[in-house]
1. In sequence order, what are the phi-derived ³J(HN,Hα) couplings for region 30-39 according to the Karplus relation 6.51 cos²θ - 1.76 cosθ + 1.60 with θ = phi - 60°, rounded to whole Hz, with x for glycine and proline?
2. Summing Lys, Arg as +1 and Asp, Glu as -1, what charge do residues with Cβ under 10 Å from the Cβ of Tyr93 carry, Tyr93 excluded?
3. Assuming R0 = 25 Å, what is the FRET efficiency of Lys45 and Asp86, from their Cβ-Cβ distance, to the nearest 0.05?
4. How many nm separate the modelled label positions at Phe36 and Lys78, each set 7 Å beyond the Cα in the direction of the Cβ?
5. In a Gaussian network model over the chain where Cα atoms closer than 10 Å are linked, find which of Tyr20, Tyr82, Tyr65 has the largest mean-square fluctuation.
6. With charges set only on the Cβ (+1 for Lys and Arg, -1 for Asp and Glu), what does the dipole of the chain come to about its Cα centre, in debye to the nearest 20?
7. As I understand it, the dipole of the chain uses +1 on the Cβ of Lys and Arg and -1 on the Cβ of Asp and Glu, about the Cα centre. Which of Gly5, Val88, Ile30 lies farthest toward its positive end?
8. Which GluC sites (Glu not before Pro) in region 1-83 pass both tests, a DSSP loop state and at most 15 other beta-carbon atoms within 10 Å?
Amino acid sequence: MGTIGLYELSPDVGYFVRFYVDKNYRRKGIGSKLLFTLIEFAKKKNYKKIFLTTSSDQEAAVKFYDKMGFTRVYSAPKELPYTPTDDVFYELYF
């Protein structure tokens, strides 16, 4: 159905590295449930913020992250690993 992943950049910062929902299960709330689970996990680990990246051609992803309360930042945070294909950056503070 779907997968989601979080990489620890530091003891209080996470990097949202993977998010996929099979096309047959999209628009059924699976993505939101996965994301809420990841956010709760990050909070339990005492993260202060999480980052994510995507590419501007992933229009549905950009709309989803906007809707879910992530804040778009216009340059890659220094903590992020190099992401050559990604040009959209988000962060979420707790």
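Quick note: the coordinates plus some simple rules give every number you see, no bench work behind them. For clarity, every value in this text was computed on a predicted model and none was experimentally measured. Neighbour counts are summed over all protein chains in view; Cβ atoms, including those assigned to glycine, are modelled from backbone coordinates with ideal geometry.
1. 5, x, 4, 5, 4, 5, 4, 5, 4, 5
2. Working: positive: Lys48, Lys49; negative: Glu91.
Taking every Cβ under 10 Å from that of Tyr93, the sum is +1.
3. Values: r = 24 Å, r/R0 = 0.95.
Once the sixth-power term is evaluated, E becomes 0.60.
4. 3.7 nm
5. Tyr82
6. On the way: 15 positive and 11 negative charges, 94 e Å.
It works out to roughly 440 debye.
7. Of the listed residues, the answer is Ile30.
8. Working: sites: Glu8, Glu40, Glu59, Glu79; in loops: Glu79.
For GluC sites (Glu not before Pro) across region 1-83 that sit outside H, G, I, E and B with at most 15 neighbouring Cβ atoms in 10 Å, the list reads Glu79.
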